[in-house]
Amino acid sequence: MNLPSKVRLVEVGPRDGLQNEKQPISVADKIQLVNDLNAAGLSTIEVGSFVSPKWVPQMAGSAEVFTGIERKPGVVYQALTPNLKGFEAALAAGADEVAVFAAASEAFSQKNINCSISESLERFRDLMAAAQAANIPVRGYVSCVLGCPYDGEVAPAQVLSVARELFAMGCYEVSVGDTIGVGTAGKTRELFNLLAREMPREKLGGHFHDTYGQALANIYASLQEGIEIFDSSVAGLGGCPYAKGATGNVATEDVVYLLNGLGIAHGIDLPRLAAAGQRICDVLGRANGSRVARALLSQ
């Protein structure tokens, strides 16, 4: 199969990237990050999540972030919403679209959100109805698609079952995630090949963590399967608290560099993106997780 001519990157740094940070991060710094990503040309930005601050303290100021950002025409500002209450809060804050999440592993679902996969999907029914009534698009996430810290290997058929259900209830696209970063290129191609038998490839996305250094290889394998939507996080921010040694999401800068080398359009200004990532890393007092950014900024 020919590689896609263009790719859409969903920037998850402000939400997935920051939610596991231990130190407090000000609303002003979160707003600055989103504005910097705007300036770099990202077309879809996951700004925050509307979950209980008891469980995810870093996302407590998401409404204020949505209110404070400089909105750019044509950019989609997304929020993660676990239930109807979260959806209503996201709607009030001005989110353009929302995302819901389910797991492909029963053990991970129980550990992460204290319910079974089927129960988690059932919780979305009211949210989906409200989103449809408000004309708000809903994106679906499926986690642990290439491995689980509790169950080990995850059957591709189980991923298909969950993704199928998300599409059936109204998600306009579904992103499948290697949450603990154990996937390999062959397994990635196998999974997308199976999913594409029942779902349009252009409605499927990939979300890869780089724990074992395989994220870019998995993205290239996905491109070979015709996948053209990928989640990534500036400066490689983020990680999975359930995976020992997890190094975070694949860095947006590294994905952009890969796409540049393949001649695939994406609309992102790499130098500006690298500067945005370094700015938030300086705020956090942590090393930049993007090899590409480190190389560019050292020149």
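So which residue, out of G205, G226, G94, gets the largest mean-square fluctuation from a GNM of the chain using Cα contacts under 10 Å as springs?
Among G205, G226, G94, the largest GNM mean-square fluctuation belongs to G94.
Which whole-number percent gives the relative contact order of the stretch 119-235, counting Cα pairs below 8 Å spaced six or more residues apart? Before the final figure, lay out each step's value.
Details: 180 pairs, mean separation 28.6, N = 117.
Over the stretch 119-235, the number comes to 24 percent.
For the chain, set up a Gaussian network in which alpha carbons nearer than 10 Å are linked by springs, and say which option among G170, G74, G248 fluctuates the most.
In the Gaussian network model the winner is G74.
Given a 10 angstrom Cα cut-off, can you work out which residue in L80, L194, L37 is the most mobile in a GNM of the chain?
Highest fluctuation among the options: L194.
So what is the accessible area of the stretch 62-104 per residue, in Å², with the probe set to 1.4 Å?
Heavy-atom SASA per residue in the stretch 62-104 reads 40 Å².
Rounded if a/c is under 1.5, else prolate if a/b beats b/c, else oblate: with a ≥ b ≥ c from the C-alpha gyration tensor eigenvalues square-rooted, which is the stretch 3-45?
Because a/c hits 1.5 or more and a/b fails to exceed b/c, the stretch 3-45 counts as oblate.
Is the stretch 1-143 rounded, prolate or oblate when judged by the Cα gyration tensor, a ≥ b ≥ c being the square roots of its eigenvalues, rounded requiring a/c under 1.5 and prolate requiring a/b larger than b/c?
Rounded.
In whole Hz, what ³J(HN,Hα) sequence does the stretch 166-176 give by Karplus (6.51, -1.76, 1.60; θ = phi - 60°), x for Gly and Pro?
5, 4, 5, 8, x, 5, 7, 7, 10, 9, 9
Give me the percent relative contact order of the chain, please, defined on Cα pairs under 8 angstrom at least 6 residues apart.
It rounds to 21 percent for the chain.
Here are some values of log10 I(q)/I(0) by the Debye sum over Cα atoms at q = 0.07, 0.12, 0.14, 0.16 Å⁻¹: (1) -0.22, -0.71, -1.00, -1.38; (2) -0.27, -0.76, -0.99, -1.24; (3) -0.24, -0.76, -1.09, -1.51. Which one was computed from this structure?
Recomputing log10 I(q)/I(0) by the Debye sum over Cα atoms at q = 0.07, 0.12, 0.14, 0.16 Å⁻¹ here picks out (1).
Return the carbon/sulfur percentage of the accessible area of the stretch 111-212, one whole number, probe 1.4 Å, all protein chains in place.
Details: 2030 of 4400 Å².
Here carbon and sulfur together make up 46 percent of the probe-accessible area.
How much of the accessible area of the stretch 1-43, probe 1.4 Å, is carbon plus sulfur, in whole percent? Can you show the working numbers first?
On the way: 880 of 1760 Å².
The nonpolar share, carbon plus sulfur, comes to 50 percent.
The values are calculated or read from the model by the stated rules, or taken from the named source; none is laboratory data. Predicted, not measured: the structure shown is a model, and the values here were computed from it. Remember, those area values only see protein heavy atoms, side chains included, never the ligands or the DNA or RNA. Shrake-Rupley method; radii C 1.70, N 1.55, O 1.52, S 1.80 Å.
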